[in-house]
Amino acid sequence: MLTNAYLKRVYDDVTRRDPNEKEFLQAVYEVLDSLQPYVEKHPELEKNGIIERIVEPDRIVSFRVTWMDDNGATRVNRGWRCQFNSAIGPYKGGLRLHPSVNQSIIKFLGFEQTFKNSLTGLPMGGGKGGSDFDPKGKSDAEVMRFCQSFMTELYRHIGADTDVPAGDIGTGAREIGYMFGQYKRLQNCFTGVLTGKGLDFGGSLARTQATGYGLLYFVEEMLKCMKNDSVAGKTVVISGAGNVAIYAAEKASQLGGKVVAMCDSQGYVYDPNGIKLDVMKQIKEVERARISEYAKRVPGSEYGENRTDIWKIKCDIALPCATQNELDADSAKALIANGVSVVAEGANMPSTLEAVELFLKNGVLFAPAKAANAGGVATSGLEMSQNSQRLSWTFEEVDAKLRGIMVNIFHNAYDASAECGMEGNLVVGANVAGFIKVSRAMIAQGLV
Ligand code: NDP
């Protein structure tokens, strides 16, 4: 609970200004709540107005995106880019294309991104963007026309040293390719302005795998240091069947775990023999079809329509990798009753505040998103370095750097939790460790 008068005042102000931005308010509350012990020891933060500045984005642009569908009809979507904080580097964060996208979601993601990027140790500020456009069910030509129109507005706000967007839900290699092509055409300049690019034009090896692999490197280190254990032999349940979920499943299997369930927004599949990733990749990456196809193709597997029932499946490790607030208190109770020992967030803010509290109270090892899923943006940072140097590193080089970064993030978060007197509480640890560098940079740079 927020008891510190300064933090409470700032939170009340944010609530008064944006009472309808529920996801943003949730993210701000979680961060301010865990910063309390640190803020109490550092009066210079209030003196420099750091908290009231850090919860307010540097700027948000919102714009109309007009495009024509295959029937010749005019379509209008709304686009956003939220440049949240550039104290430690150019704005960096993904672009989400999903019908649920609104300003609150973009702001919560940009806010979280600021601390996550700081945790990676790389010089990247926080930003996020997207649109309520739904790429599902659209032809390649429609997606291209949308992406070109989106970039025709966005290009004037971004740049390799200003703001470097990337992928997120609904924005994969295809969408990044179309956006990059349009940026290059408008600026007549080939520069590393987006990450997640194709390998033929400046993309980094291992970027596709990075968030999912990074999540498992984090879990492996957490299990080793906090329980003298490992992923080998564990039963794993993963929500989602997109980029993060698929590569989390791949690395979990490589480390000796058995992934028994995955889901999409319509339902989940349970395969007691272990999910066959080649089948899942074919359905999700190649055919862009529903996950129910899996149960039709793999004997012995089952499909269930209520996707939140995935959390009722008994497992040792649960990895929510789909979207925000997908794991609530009831799901947390079901996981705990079934003896889950690790919950690590691949998606951004997938667990509600109540669910997180239950995990922490019941001794579940809990890895919050801003630490556990930072592997994606870290590797985007490595893509930026390669672009600047006009070099391409091998898969093994990038993967080794990614692993090193995730191990460091775990230790930084763990050490910060201990310094705050809450050893092992990685929610506090990640927030404090991410916050320190950004706040110091803001103080050093004066009132800007
Ligand atoms: P994808 O679009 O590749 O996959 C998203 C998955 O989640 C799909 O299976 C989708 O199902 C499901 N999903 C999306 N929205 C909802 C919803 N409202 N309810 C239920 N299920 C939903 O996205 P990513 O894998 O890239 O991203 C997943 C999460 O990870 C997001 O929170 C993202 O912000 C976060 N993240 C991603 C990073 C990356 O590198 N890609 C980096 C760090 C965080 P369906 O196909 O049916 O819509």
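The values are calculated or read from the model by the stated rules, or taken from the named source; none is laboratory data. Keep in mind the model is a prediction, meaning the values are calculated, not measured. Note: ideal-geometry Cβ built from the backbone for every residue, glycine included; neighbour counts use all protein chains shown. For the accessible areas, the whole protein counts, side chains as well, though only heavy atoms, and no ligand, DNA or RNA atoms are used. Shrake-Rupley method; radii C 1.70, N 1.55, O 1.52, S 1.80 Å.
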- Within the stretch 123-137, is even one residue of a type outside the set (A, V, I, L, M), open to solvent by 10 Å² or more (accessible area, probe 1.4 Å) and within 17 Å of the chain's Cα centre (by Cα)? no
Subset of the stretch 236-255, residues away from the ligand (no atom under 14 Å from the Cβ) and either open to solvent by 40 Å² or more (accessible area, probe 1.4 Å) or at pLDDT below 95 (or both), comes to S253, Q254, L255
Within the stretch 157-178, of all residues that are away from the ligand (no atom under 15 Å from the Cβ) and touching a strand residue (DSSP E or B) at 6+ places or on another chain (Cβ under 9 Å), the one farthest from G125 (Cα to Cα) is H157
For strands (runs of 3 or more DSSP E) lying entirely in the stretch 70-168, having 1 or more residues that are under 18 Å from K197 (Cα atoms) picks out 91-97, 125-131, 163-166
Those residues of the stretch 200-215 which are touching a residue at least 40 places away in the same chain (Cβ under 8 Å) and either within 16 Å of the ligand (Cβ to nearest atom) or more than 22 Å from D399 (Cβ to Cβ) (or both) amount to G203, S204, L205, A206, R207, Q209, A210, T211, G212, Y213, G214, L215
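Can you name every residue in the stretch 393-439 that is of a type in the set (S, T, Y) and without any contact (Cβ under 8 Å) to a residue 24 or more places away in the chain?
S417
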Residue hits (the stretch 301-326; farther than 29 Å from F218 by Cα and open to solvent by 50 Å² or more (accessible area, probe 1.4 Å)) are E302, Y303, E305, N306
Flagged in the stretch 172-191 as within 21 Å of the chain's Cα centre (by Cα) and either farther than 20 Å from A378 by Cβ or open to solvent by 10 Å² or more (accessible area, probe 1.4 Å) (or both), in numbering order, are G172, A173, R174, E175, G177, M179
Taking the stretch 339-381 and keeping only residues that are β-branched (V, I, T), within 15 Å of the ligand (Cβ to nearest atom) and open to solvent by 10 Å² or more (accessible area, probe 1.4 Å), one is left with T352, V377
*Has the stretch 227-235 got any residue that is more than 9 Å from the ligand (Cβ to nearest atom), aliphatic (A, V, I, L, M), under 15 Å from M280 (Cβ atoms) and open to solvent by less than 10 Å² (accessible area, probe 1.4 Å)?*
no
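Restricting attention to the stretch 327-338, which residues are farther than 22 Å from F111 by Cα and open to solvent by 30 Å² or more (accessible area, probe 1.4 Å)?
Within the stretch 327-338, D330, K333, I336, A337, N338 qualify.
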The condition from (1) part of a strand (DSSP E or B); (2) open to solvent by less than 10 Å² (accessible area, probe 1.4 Å); (3) touching a helix residue (DSSP H, G or I) at 6+ places or on another chain (Cβ under 6 Å) that F63 misses is numbered (2)
Does P37 satisfy the condition of being open to solvent by less than 50 Å² (accessible area, probe 1.4 Å) and either at pLDDT below 95 or farther than 23 Å from K116 by Cβ (or both)? yes
Subset of the stretch 259-276, residues near the ligand (Cβ under 10 Å from one of its atoms) and either without any contact (Cβ under 8 Å) to a residue 24 or more places away in the chain or open to solvent by 50 Å² or more (accessible area, probe 1.4 Å) (or both), comes to S265, Q266
Take the conditions more than 18 Å from Y213 (Cβ to Cβ) and aromatic (F, W, Y) and apply them to F366. Does it pass? yes
Pairs returned, first residue in the stretch 85-109 that is within 15 Å of L154 (Cβ to Cβ) and free of Cβ contacts under 8 Å to residues at least 60 places away in the same chain, second residue that is open to solvent by 20 Å² or more (accessible area, probe 1.4 Å) and away from the ligand (no atom under 12 Å from the Cβ), beta-carbon separation under 7 angstrom, 6 or more apart or interchain, are V101/D132
Within the stretch 292-348, residues being among the hydroxyl-bearing types (S, T, Y), in contact with a strand residue (DSSP E or B) (Cβ under 7 Å, 6 or more places away or on another chain) and free of Cβ contacts under 8 Å to residues at least 40 places away in the same chain number 4
- Task: Kindly check whether there is at least one residue in the stretch 382-397 that is within 21 Å of C321 (Cα to Cα) and either open to solvent by 20 Å² or more (accessible area, probe 1.4 Å) or touching a helix residue (DSSP H, G or I) at 6+ places or on another chain (Cβ under 6 Å) (or both).
- Result: no
In the stretch 172-204, anything in a helix (DSSP H, G or I) and of a type in the set (A, V, I, L, M, F, W, C) is listed as A173, I176, M179, F180, L186, L199, F201
